[in-house]
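Here is the structure we will look at.
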Amino acid sequence: MSDPAKTRRHAERVRELVASLVREIKDPRLGMVTVTDARITGDLREATVFYTVLGDATEQASTAAALESAKGMLRTRVGHALGLRHSPSLAFKADNVLDNVKEIDDLLAAARHRDEEVHRLAAGKEYAGDPDPYKAEEPEDEDEAERVGAREDLG
């Protein structure tokens, strides 16, 4: 098990290396690839590289096949660049960032709509109760002082 900071540094380096090495792949199936993230295990033996592809489902599938076929070359080059005893095995995973962005945008639009509905319902309404809900001490008048004194005499 290695240091978490060291693991993060290696993961960032793997992401940078794979992003630069993808440009060198001479596979016609490879589309417009963007490497978004890389994660590496604590023992530095396995790395998962997340990527996005610009295009439709067929281009995404062909890019996945091209990356899978170039995995050996990428693993060798990444292993040499990292200088580790064992080259980490690479796994490529499509990152559906655009789907996540659309889902978040839809959730934000729904929340905005609910907020507008609440503001519309609250327009012209007043709060229940006094404007100042905290009770202020009122100055004691003579009658109240006499009643308090009478109670003390009885008790």
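The values are calculated or read from the model by the stated rules, or taken from the named source; none is laboratory data. Just so we're clear, the structure is a prediction, and the values are computed from it rather than from any experiment. Cβ atoms come from the backbone with ideal geometry, glycine included; neighbour counts cover every protein chain shown. Areas reflect the complete protein model, heavy atoms only, side chains present, ligands, DNA and RNA absent. Shrake-Rupley method; radii C 1.70, N 1.55, O 1.52, S 1.80 Å.
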- Could you sort 102-111, 32-41 so that the peptide with the highest average Cβ count within 10 Å comes first and the rest follow in order? 32-41, 102-111
- Task: Excluding residues on the same chain fewer than 8 positions from Lys26, give the lysines whose Cα lies under 22 Å from its Cα.
- Result: Lys71, Lys93
- Query: Under Stokes-Einstein, with the Kirkwood radius over Cα pairs standing in for Rh, what whole-number D in µm²/s applies to the range 30-123 at 4 °C and 1.567 mPa s?
  - Reply: 81
- Once both labels are modelled 7 Å past Cα along the beta-carbon direction, what's the Leu98-Ala61 spacing in nm? 1.7
- Message: How much accessible area per residue does the chain have, counting only protein heavy atoms and a probe of 1.4 Å, in square angstrom?
- Response: 77
- Task: Output ³J(HN,Hα) for the range 115-120: one whole-Hz value per residue in order, computed from phi by the Karplus curve 6.51 cos²θ - 1.76 cosθ + 1.60 with θ = phi - 60°, and x for Gly and Pro.
- Result: 5, 4, 5, 5, 5, 5
- Query: How far apart, in nm, are the 7 Å Cα→Cβ label points at Asp3 and Lys71?
  - Reply: 3.2
- Got a number for the accessible area of His10? Probe 1.4 Å, square angstrom, nearest 10. 30
- Task: Could you tell me the distance between the Cα centroids of the range 93-110 and the range 12-41, to the nearest Å?
- Result: 23
- What full-extension length gain, to one decimal in nm, is calculated for Ile25 and Lys125 as 0.36 nm per residue of separation minus the Cα-Cα distance? 29.4 nm
